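S.K.: One structure follows; several queries about it will come next.
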Ligand code: HEC
């Protein structure tokens with residue numbers, strides 16, 4: 001490589017590093033902002049719940065960590081952030097109900113509806129409830145989502161941001 005080329009490469013590299021540093025300094029949460037979901041579960045709980053969710057094929061219908069089984073198309077609510085919506089108690093009751101649709105009505109075809117997990121051992125239902133309740137969403141994302149929804153419903157984008 002010629003000297004001139006090296007100098008150009010060096011300059012480009014410096015610019016890139018500088019740019020990244022600047023973005024990071026200006027937006028301390030820049031990285032946070034990419035993934036608004038997180039879990040407060042300790043590793044053993046997450047691992048055990050992961051096994052149960054694989055056994056029960058939750059991802060056949062639900063997305064988790066924004067991914068799901070790409071071959072399926074059941075319009076189930078995503079599990080990311082679910083703990084911001086439902087308590088552990090509510091989740092345990094929902095998973096334990098012989099008829100979950102008595103708690104949360106469904107307009108879907110029967111085969112798409114959330115299946116009853118009443119037959120699972122009680123400790124497993126607790127594990128699932130505990131884990132799903134640990135799935136949280138960052139405040140800035142909730143605020144942003146609410147604001148966008150408000151603007152869409154009211155046609156008002158002049159409201160205080
Ligand atoms: C056959 C598809 C299917 C499977 C498998 C499934 N679900 Fe569901 N789930 C749904 C649908 C659809 C809903 C929305 C309610 C309905 O239509 O019955 C739902 C609702 C829920 C809700 C309540 C959502 C809310 O808005 O309050 C939770 C929590 C949930 N599921 C968790 C799970 C977990 C955890 C598993 C695995 C252990 C699982 N689901 C397996 C389809 C499924």
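S.K.: Could you run through the stretch 47-59 and say how many residues are more than 12 Å from the ligand (Cβ to nearest atom) and surrounded by 13 or more Cβ atoms within 10 Å (Cβ to Cβ)?
M.R.: Count: 1.
S.K.: So which residues in the stretch 60-81 are over 10 Å from residue 131 (Cβ atoms), in contact with a strand residue (DSSP E or B) (Cβ under 9 Å, 6 or more places away or on another chain) and near the ligand (Cβ under 8 Å from one of its atoms)?
M.R.: Residues satisfying the conditions do not exist here.
S.K.: Could you give every pair whose Cβ atoms fall below 6 Å, whose first residue belongs to the stretch 67-93 and is free of Cβ contacts under 8 Å to residues at least 40 places away in the same chain and assigned by TED's automatic domain parsing to the domain that holds residue 141, and whose second residue is assigned to a loop (DSSP other than H, G, I, E, B) and near the ligand (Cβ under 10 Å from one of its atoms), counting only separations of at least 6 or pairs across chains?
M.R.: Short answer, once both residue conditions are applied: 76/62.
S.K.: Return yes when residue 45 is farther than 24 Å from residue 34 by Cβ and touching a residue at least 24 places away in the same chain (Cβ under 8 Å) and no when it is not.
M.R.: When the stated conditions are applied, residue 45 passes them.
S.K.: Can I ask one more? Please enumerate the residues belonging to the stretch 125-157 that are loosely packed, with under 11 Cβ neighbours inside 10 Å and closer than 30 Å to residue 51 by Cα. Outline the logic, then answer.
M.R.: Going through the stretch 125-157, the residues loosely packed, with under 11 Cβ neighbours inside 10 Å turn out to be 139, 146, 149, 152-156.
139, the sole residue that qualifies.
S.K.: If we keep just the residues of the stretch 82-99 that are under 13 Å from residue 132 (Cβ atoms) and surrounded by fewer than 15 Cβ atoms within 10 Å (Cβ to Cβ), which is nearest to the ligand (Cβ to nearest atom)?
M.R.: Among those residues, the one meeting the criterion is 85.
S.K.: If you don't mind, there's one more thing I want to ask. Considering only the stretch 100-121, state which residues are surrounded by fewer than 13 Cβ atoms within 10 Å (Cβ to Cβ), near the ligand (Cβ under 8 Å from one of its atoms) and not in a loop (DSSP other than H, G, I, E, B).
M.R.: Matches in the stretch 100-121: 111 only.
S.K.: Any residue in the stretch 41-52 that is in contact with a strand residue (DSSP E or B) (Cβ under 8 Å, 6 or more places away or on another chain) and either modelled with pLDDT under 95 or under 23 Å from residue 146 (Cα atoms) (or both)?
M.R.: no
The values are calculated or read from the model by the stated rules, or taken from the named source; none is laboratory data. Since the model is a prediction, treat every value here as computed from it, not as a measurement. Counting neighbours? That spans all protein chains shown, and the Cβs are built from the backbone with ideal geometry, glycine included.
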